[in-house]
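Undergrad: I have a structure here, written as structure tokens, and I will follow up with some questions on it.
The values are calculated or read from the model by the stated rules, or taken from the named source; none is laboratory data. Just so it is clear, the structure is predicted and the values come from calculations on it, not from any experiment. Note that we place each Cβ from the backbone using ideal geometry, even for glycine, and neighbour counts take in every protein chain shown. Surface areas here come from the heavy atoms of the whole protein model, side chains and all, with no ligands, DNA or RNA. Shrake-Rupley method; radii C 1.70, N 1.55, O 1.52, S 1.80 Å.
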Amino acid sequence: MKKLAELYRGKAKTVYTTDNPDLLILEFRNDTSAFDGLRIEQLERKGMVNNKFNYFIMTKLHDAGIPTQVEALLSDNEVIVKKLEMVPVECVVRNRAAGSLVKRLGIEEGKILNPPTFELFLKNDALHDPMVNDSHCKTFGWVTDEQLAKMKKLSYKINTVLSKLFDKAGFILVDYKLEFGLSNGEITLGDEFSPDGCRLWEKDTLKKMDKDRFRQGLGGVIEAYEEVAKRIGVQL
Ligand code: TMP
């Protein structure tokens, strides 16, 4: 596998083309971003931890029947993935109230959400990822009704698999963001699943173990990611 040109540089990952037109390389960098790129800092080991964390979770999801982009781990901070045509809408599932839901609706942080909510956000930093709905998706041609229904179904299936996985390791999966794309017309899970894009609280103490430690200046960001990784069984 040969790395060719840089295709896209995101806030935390860089995407490279390869000598196989169907495959890309995702490089996980140490850059850590909050507030839509307003604050970016380098956190030692983050690229490696998130790459291995993501590979572990994506493998579990694949084994549970979820179509994912991941092909193979390439190095400490790189993974080989299938090229997807990305849907520009992010899917957020919430099991407990936190973050923007608390601010937007005045719900008490930590409230159990039953059934879990499913929300859509447009991927657009300049507009601060505004919340959108299925009607917007259809009118603006971001994704068809049928594809969106599949994304919602997969998002909830992922919730069942991952809530159990984290619960067994002593954590509450509070919420998470997913990004999907199309591979040969099939809705496929892309991007990453790591503590950068989800909220995880330690069950016994409700200690935040995710990127909220960075957003809120709590310190010990990577130490928390590593602790979660260790307890779910990721080999770092
Ligand atoms: P929120 O509470 O800020 O809406 O975020 C909900 C979850 O989705 C939280 O785990 C963080 C994650 N998320 C991202 O990773 N990137 C994003 O751009 C957004 C909007 C949310």
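Undergrad: Just for segment 216-236: of the residues that are within 16 Å of the ligand (Cβ to nearest atom) and among the β-branched types (Val, Ile, Thr), which one is farthest from ASP167 (Cα to Cα)?
TA: Here the answer is VAL221.
Undergrad: Tell me which of these GLY10 doesn't satisfy, since it passes every other one: (1) within 21 Å of GLU85 (Cα to Cα); (2) open to solvent by 50 Å² or more (accessible area, probe 1.4 Å).
TA: The number of the failed condition is (2).
Undergrad: Would you mind telling me which numbered condition in (1) on the phi > 0 side of the Ramachandran plot; (2) in contact with a strand residue (DSSP E or B) (Cβ under 7 Å, 6 or more places away or on another chain) HIS128 fails?
TA: Condition not satisfied by HIS128: (2).
Undergrad: Show the residue pairs meeting these rules: Cβ distance below 8 Å; 6+ apart or different chains; first residue within segment 106-129 and free of Cβ contacts under 8 Å to residues at least 24 places away in the same chain; second residue in a strand (DSSP E or B) and open to solvent by less than 40 Å² (accessible area, probe 1.4 Å).
TA: What qualifies is ILE112/ASN95; LEU113/ARG94; LEU113/ASN95.
Undergrad: If you scan segment 25-49, which residues turn out to be part of a loop (DSSP other than H, G, I, E, B) and open to solvent by 40 Å² or more (accessible area, probe 1.4 Å)?
TA: Here is the first cut: in segment 25-49, the residues part of a loop (DSSP other than H, G, I, E, B) are 29-30, 35-38, 43-45.
ASN30, PHE35, ASP36, LEU38, GLU44, ARG45 - these are the residues of segment 25-49 that are part of a loop (DSSP other than H, G, I, E, B) and open to solvent by 40 Å² or more (accessible area, probe 1.4 Å).
Undergrad: Here's another thing I want to ask about it. In the list VAL102, VAL15, VAL93, which residue meets the criterion of being touching a Pro at 6+ places or on another chain (Cβ under 7 Å) and either farther than 26 Å from LEU165 by Cβ or within 12 Å of the ligand (Cβ to nearest atom) (or both)? First the steps, then the outcome.
TA: Details: VAL102 fails: touching a Pro at 6+ places or on another chain (Cβ under 7 Å); VAL15 fails: touching a Pro at 6+ places or on another chain (Cβ under 7 Å).
Every option except VAL93 fails the conditions.
Undergrad: Filter segment 198-215 for residues that are more than 14 Å from GLU226 (Cα to Cα) and out of contact with any strand residue (DSSP E or B) (no Cβ under 9 Å at 6 or more places or on another chain); which is nearest to the ligand (Cβ to nearest atom)?
TA: THR205
Undergrad: Exactly one condition in (1) under 30 Å from LYS207 (Cβ atoms); (2) within 11 Å of the ligand (Cβ to nearest atom) is false for SER155; which is it?
TA: (2)
Undergrad: Would it be correct to say that MET48 is at pLDDT 95 or above and within 16 Å of the ligand (Cβ to nearest atom)?
TA: Working: at pLDDT 95 or above: yes; within 16 Å of the ligand (Cβ to nearest atom): no.
No, not satisfied.
Undergrad: Consider ALA149 carefully, then state whether it is at negative phi, away from the ligand (no atom under 14 Å from the Cβ) and either touching a Lys or Arg at 6+ places or on another chain (Cβ under 7 Å) or in a strand (DSSP E or B) (or both). Break it down into steps so the answer makes sense when it comes.
TA: Working: at negative phi: yes; away from the ligand (no atom under 14 Å from the Cβ): yes; either touching a Lys or Arg at 6+ places or on another chain (Cβ under 7 Å) or in a strand (DSSP E or B) (or both): no.
Considered against the rule, which asks whether it is at negative phi, away from the ligand (no atom under 14 Å from the Cβ) and either touching a Lys or Arg at 6+ places or on another chain (Cβ under 7 Å) or in a strand (DSSP E or B) (or both), ALA149 comes out as no.
Undergrad: Does segment 178-197 include one or more residues that are among the small types (Gly, Ala, Ser) and within 13 Å of the ligand (Cβ to nearest atom)?
TA: Step one: filter segment 178-197 for residues among the small types (Gly, Ala, Ser), giving 181, 183, 185, 190, 194, 197.
Cutting the leftovers down to within 13 Å of the ligand (Cβ to nearest atom) gives us 194, 197.
Scanning segment 178-197 turns up at least one residue that is among the small types (Gly, Ala, Ser) and within 13 Å of the ligand (Cβ to nearest atom).
Undergrad: Has segment 68-89 got any residue that is β-branched (Val, Ile, Thr), farther than 18 Å from GLY181 by Cβ and within 12 Å of the ligand (Cβ to nearest atom)?
TA: Start the filter on segment 68-89 by keeping residues that are β-branched (Val, Ile, Thr), which leaves 68, 70, 79-81, 87, 89.
Those left that are additionally farther than 18 Å from GLY181 by Cβ: none.
The answer is no, given that none of the residues of segment 68-89 is β-branched (Val, Ile, Thr), farther than 18 Å from GLY181 by Cβ and within 12 Å of the ligand (Cβ to nearest atom).
Undergrad: Now a separate question. Keeping to segment 184-217, report how many residues are in a strand (DSSP E or B) and open to solvent by 20 Å² or more (accessible area, probe 1.4 Å).
TA: Filtering segment 184-217 for residues in a strand (DSSP E or B) gives 186-190, 198-202, 208.
Going one step further and asking which of them are open to solvent by 20 Å² or more (accessible area, probe 1.4 Å), we end up with 186, 199, 202, 208.
Qualifying residue count, segment 184-217: 4.
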